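Trainee: Before we start, here is the structure in question, set down as structure tokens.
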Amino acid sequence: MRVIVTGGAGFIGSAVIRYAVGSLGWTVLNIDKLTYAGNLTSLRDVENDPRYSFLKADICDTPAMRGAFESFRPDAVMHLAAESHVDRSIDGPGEFIRTNVLGTGSLLTAAREYWLTLPPGERDAFRFHHISTDEVYGSLGAEGLFTENTPYDPRSPYSASKASSDHLVRAWFHTFGLPTLITNCSNNYGPYHFPEKLIPLTILNALDGKPLPVYGKGENIRDWLYVEDHARALTTVVTRGKPGRTYNIGGRNERKNIDVVTEICALLDEFAPRVGGRKYSDLITFVTDRPGHDLRYAIDAARLESELGWRARENFETGLRKTVRWYLDNDWWWRPIRENKYAGQRLGK
């Protein structure tokens, strides 16, 4: 397959490319603007592979997107380029609207124009795969799961911008017949995760002896999905999913935020004990809650599992152990980020 991956220098996008090129043998064009969270060093395993190429471009630049389609001639697009951090969307919603909404519209326009030039067989086989989030569904109570039929109820500028882009993708399918797919995933974690998010932030703050901030009382619950499991799910959907269909992707690993942080502390106590026998959990600090903080997310991935046969290989214990070990062994990747881009300060006040 020849696939355009937008946002391929980001956390999930780079995992998709490493898997698609390294394990599946696909030819991939990575289109990325290289914002603060884009990091080409996450792709060093494939950067010299002749099946991998990179284009620095903004998805809002429709002429540039047209040129990429015309020159690369993909069989599919996997659209991951997005502003993704809720706290940053609170500080600056405008960039989220621009990239996530207008950028998706720009990419859909370019993709449709290219798709219409394809001969019938290639046109039928083409796919536009939009990667989204479970946050578009809003907040769950103590029970229940998000399904593909759950009504949208976004609560943050980030989730509202992703809900908007989901609706655009559906509109291009129903109005223009563009063969689209949408996936909505739960919280990802794993190697190469930009350290503004909970798990890498906790690991690196702990190693630096800094406070480990936990919002409110730490009672908010998330469903966690190991990023390499997600990459396998996405390549399964883009090759086997039914156009017009939505597939939810989750790891069936619900955890309270405070439990995630304490599990990380326990692993660090095992792998890298603090001087004097002090516990990393002593660094936990409860801070004022995030504005509009959703209580609970949990994904029902039954459609993906039953229709396409995907299963998560990692549970939270095995995935978290691999993740903590990776950060301990790969400071070459994260240390320049901590020193030059983001040192762990709170965002989204």
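Trainee: Tell me the trypsin sites (Lys or Arg not before Pro) within segment 224-319 that lie in a loop according to DSSP and have at most 13 other beta-carbon atoms within 10 Å. Walk me through the intermediate numbers first.
Mentor: Values: sites: Arg232, Arg240, Arg245, Arg252, Arg255, Lys256, Arg274, Arg278, Lys279, Arg296, Arg303, Arg311, Arg313; in loops: Arg245, Arg252, Arg274, Arg278, Lys279, Arg311, Arg313.
Qualifying residues, ordered by number: Arg278, Arg311, Arg313.
Trainee: Phe286's amide H: which non-local residues (gap 5+, or another chain) put their own amide H closer than 5 Å, with H modeled 1.01 Å from N in plane and none for Pro or chain starts?
Mentor: Distant-sequence amide H within range of Phe286: Val214.
Trainee: Using 1/(1 + (r/R0)^6) with R0 = 51 angstrom and r between the beta carbons of His174 and Lys210, what's the FRET efficiency to the nearest 0.05?
Mentor: 0.55
Trainee: Considering only DSSP beta bridges with both partners in the chain, what is the antiparallel share in %, to the nearest 5? Numbers along the way, then the final one.
Mentor: Details: 3 of 40 bridges.
Bridges in the chain are about 10 percent antiparallel.
Trainee: Taking neighbour counts of Cβ atoms within 10 Å as a proxy for exposure, in what order, fewest first, do Val136, Val275, Val77 appear?
Mentor: Val275, Val136, Val77
Trainee: Exposure proxy check: Val287, Val28 ranked by fewest other beta carbons within 10 Å?
Mentor: Val287, Val28
Trainee: Which aspartates and glutamates have a Cα lying under 12 Å from the Cα of Lys322, excluding residues fewer than 8 positions away in the same chain?
Mentor: Glu228, Glu314
Trainee: Go through segment 87-98 residue by residue and turn each phi into a ³J(HN,Hα) via Karplus (6.51, -1.76, 1.60, θ = phi - 60°); whole Hz please, and just put x for glycine and proline.
Mentor: With coefficients 6.51, -1.76 and 1.60, one gets 4, 5, 5, 6, 6, x, x, x, 5, 5, 5, 4 Hz.
Trainee: Run the dipole for segment 12-85 about the Cα centre, Lys and Arg Cβ at +1, Asp and Glu Cβ at -1, nothing else charged, and hand back the magnitude in debye, nearest 20.
Mentor: Dipole size: approximately 80 debye.
Trainee: Follow-up. For n ≥ 4 DSSP H runs only, could you compute -39500 (n - 2.57) per run for the chain, divide by its residues and tell me the 222 nm figure to the nearest 500?
Mentor: Calculated at 222 nm, the ellipticity per residue is -12500 deg cm²/dmol.
Trainee: On to the next question. Take the alpha carbon gyration tensor of segment 1-76, find the square roots of its eigenvalues, order them as a ≥ b ≥ c, and report rounded if a/c is under 1.5; if not, report prolate when a/b exceeds b/c, else oblate.
Mentor: oblate
Trainee: Mind checking which of Gly103, Ser84, Ser71 is farthest towards the positive end of the chain's charge dipole, using Cβ charges of +1 (Lys, Arg) and -1 (Asp, Glu) about the Cα centre?
Mentor: Ser71
Trainee: Continuing with this model, one more query. Label-point separation (nm) for Tyr152 and Glu47, each offset 7 Å from Cα along Cα-to-Cβ?
Mentor: The modelled label-to-label distance comes out at 3.7 nm.
Trainee: Using the 10 angstrom Cβ neighbour count as an exposure proxy, how do Cys265, Cys185 rank, fewest first?
Mentor: Fewest-to-most ranking of Cys265, Cys185: Cys265, Cys185.
Trainee: While we're here: Among Leu43, Leu295, Val136, which residue has its Cα furthest toward the positive end of the charge dipole of the chain, with +1 on Lys/Arg Cβ and -1 on Asp/Glu Cβ?
Mentor: In the chain, that residue is Leu43.
Trainee: Additional query: Can you give me the Cα centroid spacing of segment 241-310 and segment 190-221 in angstrom?
Mentor: 11 Å
Trainee: Return one number: the angle in degrees, 0 to 90 and rounded to the nearest 10, between the long axis of the Cα atoms of helix 198-207 and the longest principal axis of the Cα atoms of the chain.
Mentor: 40 degrees
Trainee: To the nearest 20 Debye, how big is the dipole of segment 182-275 about its Cα centre, given +1 on the beta carbon of each Lys and Arg and -1 on that of each Asp and Glu?
Mentor: I would put it at about 460 debye.
Trainee: Related question: Out of residues 5 or more away from Ser132 or on other chains, whose amide H comes under 5 Å of its own, with H placed 1.01 Å from N in the peptide plane?
Mentor: Thr183, Asn184, Cys185
Trainee: To continue, here is another question. What is the magnitude of the charge dipole of the chain about its Cα centre, with +1 placed on the Cβ of each Lys and Arg, -1 on the Cβ of each Asp and Glu, and no other charges, expressed in debye to the nearest 20?
Mentor: Here the size comes out at about 240 debye.
Trainee: OK, next. Given a cut-off of 32 Å, name the pairs among Lys162/Lys242; Lys279/Lys341; Lys217/Lys242; Lys33/Lys197 whose C-alpha atoms lie farther apart than that in the structure shown.
Mentor: Check vs 32 Å cut-off fails for Lys217/Lys242.
Trainee: Efficiency by 1/(1 + (r/R0)^6): what FRET value for Thr288 and Asp61, r their Cβ-Cβ distance, R0 = 56 Å, to the nearest 0.05?
Mentor: On the way: r = 39 Å, r/R0 = 0.69.
That gives a FRET efficiency of 0.90.
Bear in mind these aren't lab numbers, they're just calculated from the coordinates by the rules spelled out. Note that the structure is a prediction, hence the values are computed from the model and not measured. Here the Cβ is made from the backbone with ideal geometry for all residues, glycine too, and neighbour counts use every protein chain on show.
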